[in-house]
Protein chains: 2
Amino acid sequence: MKIITSVKSLRHTIDKFKGSGKTIGFVPTMGFLHEGHASLLRQSGRDVDVTVLSIFVNPLQFGPAEDLKNYPRDIKKDELLAKKENVDIIFYPSVDEIYPTGFLTHVYVDDLSDRLCGKSRPGHFGGVATVVLKLVNMVDPDVMYLGQKDAQQAVIVRKMLQDLNVPVKVKILPTVREADGLAMSSRNSYLSLRERREAIVLYKALNQAKTLIKNGERTAKTIVLGMAKMIQEESQGIIDYIQCVNAQNLSVIDVLKNEVLIVLAVKFGRARLIDNIIVRVNE
Amino acid sequence: MKIITSVKSLRHTIDKFKGSGKTIGFVPTMGFLHEGHASLLRQSGRDVDVTVLSIFVNPLQFGPAEDLKNYPRDIKKDELLAKKENVDIIFYPSVDEIYPTGFLTHVYVDDLSDRLCGKSRPGHFGGVATVVLKLVNMVDPDVMYLGQKDAQQAVIVRKMLQDLNVPVKVKILPTVREADGLAMSSRNSYLSLRERREAIVLYKALNQAKTLIKNGERTAKTIVLGMAKMIQEESQGIIDYIQCVNAQNLSVIDVLKNEVLIVLAVKFGRARLIDNIIVRVNE
């Protein structure tokens with residue numbers, strides 16, 4: 001396993017692999033890796049010859065009042081996990097390597113970036129789109145792997161790459177959860193013991209929604225209110241949003257049909273947690 | 001020479017060339033080709049194996065009150081010129097092929113896009129950056145050729161590709177001029193006979209600036225005022241801007257030193273003409 005910190009050395013290494021006909025898989029992350037990331041790395045290992053993992057806490061996607069400075073980091077632990085998952089290259093650049101002095105270019109996916117998390121995190125998805133495009137151009141992968149946990153991010157990145165005609169395949173893999181159902185997230189490390197206990201209500205609420213739909217409920221408002229009630233009764237979490245949206249374009253749904261993405265963001269102390277499920281609605 | 005209208009067929013053809021080890025040169029244009037474009041195609045012919053010419057009048061870079069509808073088009077004449085210059089592929093897509101329904105992604109180069117022409121054409125350079133990135137991703141060229149006549153466009157496109165880590169070499173070739181000095185431009189076709197005669201004052205003014213600098217003048221304001229005086233006295237052109245700027249970052253220069261880009265935009269009837277020269281200032 002190689003750890004590479006410069007773009008130039010990364011290009012050189014990738015070019016050598018490509019020159020000998022190897023296929024490349026890419027898993028972009030902000031590090032502090034968990035089993036969710038591991039599942040992406042394992043899938044890449046099954047699909048392609050060479051797996052590239054990037055670890056970069058991207059300042060462009062943090063708002064001024066957000067947790068850039070305190071975002072959890074543990075490169076030593078990340079290296080161990082990467083090695084265990086047979087990663088070939090860790091790309092671990094500095095901020096200056098990605099955004100040299102005088103950097104001016106920004107990528108933005110209209111509409112999709114302004115919904116859901118985009119409302120409480122203005123600029124966030126512009127920062128995500130910009131860094132992912134840069135990383136994809138550096139790594140030039142055949143396949144990129146993202147987690148369904150960040151549902152909006154997955155929709156936006158896929159749309160950006162399609163709109164800009166970037167020839168890379170994107171695979172979105174299922175959310176990996178703790179034994180009690182909490183979606184794995186680097187930000188779970190922010191939770192106090194009490195918050196950690198309470199946070200299981202998010203997945204419980206998503207499952208309640210699923211059961212309601214299975215039993216015939218088709219009104220988004222009823223489902224959302226039911227979830228909100230459960231979260232408020234069973235935790236001190238502060239709801240940012242709970243919504244039923246179209247899984248492709250994130251537009252708000254009033255009456256459920258086809259493929260519905262149920263998404264939520266709830267604050268527990270300084271951890272803003274997100275989670276979602278996709279429900280296929282029978283007519 | 002192949003004329004290709006779909007992205008899919010373009011990718012397929014390029015992939016075949018690349019598969020057999022051919023290098024690709026790319027000349028993006030809005031058509032209505034003239035000797036300026038021909039000089040780019042000839043350079044590509046000298047540098048690489050396969051020359052791709054795109055002809056696409058990009059709606060995204062026209063303002064609502066601008067000349068999108070009346071922009072001159074003549075695909076038959078363009079084909080003849082392309083054939084003469086040994087173009088291998090003309091990529092001639094429809095607007096829907098480039099911007100399918102639901103297109104949402106935009107690329108913007110801050111600061112550089114807001115100066116000079118960007119002031120009177122808000123959104124213009126965002127449209128340019130977005131379409132050039134798309135076309136470069138489609139064609140995947142080794143080298144792209146642009147004309148120095150569109151100096152600001154060249155600076156912005158080069159910066160955008162660098163910022164986004166797109167591995168393409170950009171060559172900027174000198175402005176090609178008519179015998180009397182007028183910079184070649186598809187928009188020259190808008191000029192009436194009188195306007196055409198008067199428009200030579202632009203190059204004359206640029207040359208006057210050059211002479212002033214050669215004779216020791218270092219104050220930008222003096223140079224600009226001299227140019228404005230000449231243009232006003234010898235034509236009915238309406239000056240949009242005349243400026244001395246840093247050739248790399250387009251920042252305004254007060255006292256001339258190093259490499260100076262002298263740029264202007266002047267309206268003659270419905271033709272908004274631009275021109276520029278680069279002057280290396282001896283200390």
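The values are calculated or read from the model by the stated rules, or taken from the named source; none is laboratory data. None of the values given here were measured: they were computed from a predicted structure. Here Cβ is always computed from backbone atoms with ideal geometry, including for glycine, and neighbour counts include all displayed protein chains. Just so you know, the surface numbers come from the protein's heavy atoms only, side chains and all, with ligands and any DNA or RNA stripped out. Shrake-Rupley method; radii C 1.70, N 1.55, O 1.52, S 1.80 Å.
Things to note:
- Residue count for the stretch B:257-271, restricted to those that are surrounded by fewer than 20 Cβ atoms within 10 Å (Cβ to Cβ) and of a type outside the set (Gly, Ala, Ser): 5
- Meets criteria (within 14 Å of chain B (Cβ to nearest Cβ) and crowded, with 17+ Cβ neighbours inside 10 Å) for A:Met184: no
- Of all the criteria given as (1) in contact with a helix residue (DSSP H, G or I) (Cβ under 6 Å, 6 or more places away or on another chain); (2) open to solvent by 20 Å² or more (accessible area, probe 1.4 Å); (3) within 14 Å of another protein chain (Cβ to nearest Cβ), the one not satisfied by B:Arg158 is (1).
- Residues located in the stretch A:17-35, provided they are within 19 Å of A:Lys76 (Cβ to Cβ) and open to solvent by 30 Å² or more (accessible area, probe 1.4 Å): A:Met30, A:Phe32, A:His34, A:Glu35
- Candidates are the residues of the stretch A:1-17 that are touching a strand residue (DSSP E or B) at 6+ places or on another chain (Cβ under 7 Å) and outside any strand (DSSP E or B); the one that is farthest from the other protein chains (Cβ to nearest Cβ) is A:Met1.
- Close pairs from the stretch B:99-118: first more than 7 Å from chain A (Cβ to nearest Cβ), partner in a loop (DSSP other than H, G, I, E, B) and open to solvent by 60 Å² or more (accessible area, probe 1.4 Å), Cβ under 8 Å, at least 6 apart: B:Gly102/A:Asn249
- Residue in the stretch A:228-238 that is part of a strand (DSSP E or B) and either open to solvent by less than 80 Å² (accessible area, probe 1.4 Å) or more than 14 Å from every other protein chain (Cβ to nearest Cβ) (or both) present: yes
- Qualifying residues in the stretch A:239-283 (those that are part of a loop (DSSP other than H, G, I, E, B) and in contact with a Phe, Trp or Tyr (Cβ under 7 Å, 6 or more places away or on another chain)) - the one nearest to A:Ser186 (Cα to Cα): A:Arg270
- Residue pairs meeting the criteria (Cβ under 6 Å; at least 6 apart or on separate chains; first without any contact (Cβ under 8 Å) to a residue 40 or more places away in the chain, in the stretch B:1-26; second surrounded by 12 or more Cβ atoms within 10 Å (Cβ to Cβ) and part of a loop (DSSP other than H, G, I, E, B)): B:Lys22/B:Asp49
- Looking only at the stretch A:74-107, residues that are at negative phi, touching a Ser or Thr at 6+ places or on another chain (Cβ under 9 Å) and open to solvent by 70 Å² or more (accessible area, probe 1.4 Å) come to 1 in all.
- For the stretch B:115-137, the set of residues classified as more than 16 Å from the chain's Cα centre (by Cα) and buried (at least 23 other Cβ atoms within 10 Å of the Cβ) consists of B:Lys134 only.
- Within the stretch A:44-60, none of the residues are aliphatic (A, V, I, L, M), assigned to a loop (DSSP other than H, G, I, E, B), more than 18 Å from A:Val168 (Cβ to Cβ) and touching an Asp or Glu at 6+ places or on another chain (Cβ under 9 Å).
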